[in-house]
């Protein structure tokens, strides 16, 4: 029987920091996360670096004391709405817990935090091949981004510096 708790992560709490790094490393090693482990630098510094950013927050899911899910979020700003927005940056659910409502519960908490910050929307990016994640996101109300259907859907680009 699952005893699931979804909590706001405290980056200065050792158990939370360890869960955050371990879960994010699990995601990074998965093909959906790039297939490579986190760097030693990221493993050592990530919780402290997130703590330095007032625009960052994370949500953790535990089954009893076992970390089973993580969402990292970064607040941005919508110039069109002139309000904050929250980018759901990383979503991790341990594979044996997928399909059991963990992602939905964490996204519900993220939405509550975003609303408390006055955010106008949640954003995220997902790889086309990650069908299970896309299914979850669509079930909880996410849609592809477009302004005018004649202009098509938005595309996500990156440029490494």
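With a 10 Å Cβ neighbour count serving as the proxy for reagent exposure, in which order, fewest first, do 52, 106 appear?
Ordered by Cβ neighbours within 10 Å, fewest first: 52, 106.
Look at the Cα gyration tensor of region 78-161: its axes a ≥ b ≥ c give a/c of at least 1.5 with a/b at or below b/c, and that counts as oblate. Note on the chain: GNM, Cα springs under 10 Å; of 31, 84, 149, the largest mean-square fluctuation is that of 149.
Taking the fewest neighbouring Cβ atoms within 10 Å as the starting point, the ordered list for 120, 73, 82 is 82, 120, 73. Taking the longest Cα principal axis of the chain as reference, the axis of helix 40-51 is set at about 70 degrees. Once you divide the Cα radius of gyration of region 8-98 by 2.2 N^0.38 Å, the number left is 1.13.
Over the chain, the ratio between the Cα radius of gyration and 2.2 N^0.38 Å evaluates to 1.05. Round to a whole angstrom and tell me the spacing of the C-alpha centers of region 98-137 and region 1-29. Answer, in whole Å: 16.
Taking only Cα atoms, what is the 0 to 90° angle, nearest 10, from helix 14-29's long axis to the longest principal axis of the chain? Rounded to the nearest ten degrees, it is 60.
Provide the FRET efficiency to the nearest 0.05 for the residue 112-residue 157 pair, computing r from the beta carbons and using R0 = 35 Å.
Computed FRET efficiency for residue 112 and residue 157: 0.70.
Please report 125, 143 as a ranked list, fewest other C-beta atoms within 10 angstrom at the top and most at the bottom.
Ordered from fewest to most neighbouring Cβ atoms within 10 Å, 125, 143 come out as 143, 125.
A short reminder: the numbers here are calculations on the coordinates, not readings from a lab. Remember, it's a predicted structure, so these values are computed and weren't measured experimentally. Positions of Cβ are generated from backbone atoms using ideal geometry, with glycine treated the same way; all protein chains shown enter the neighbour counts.
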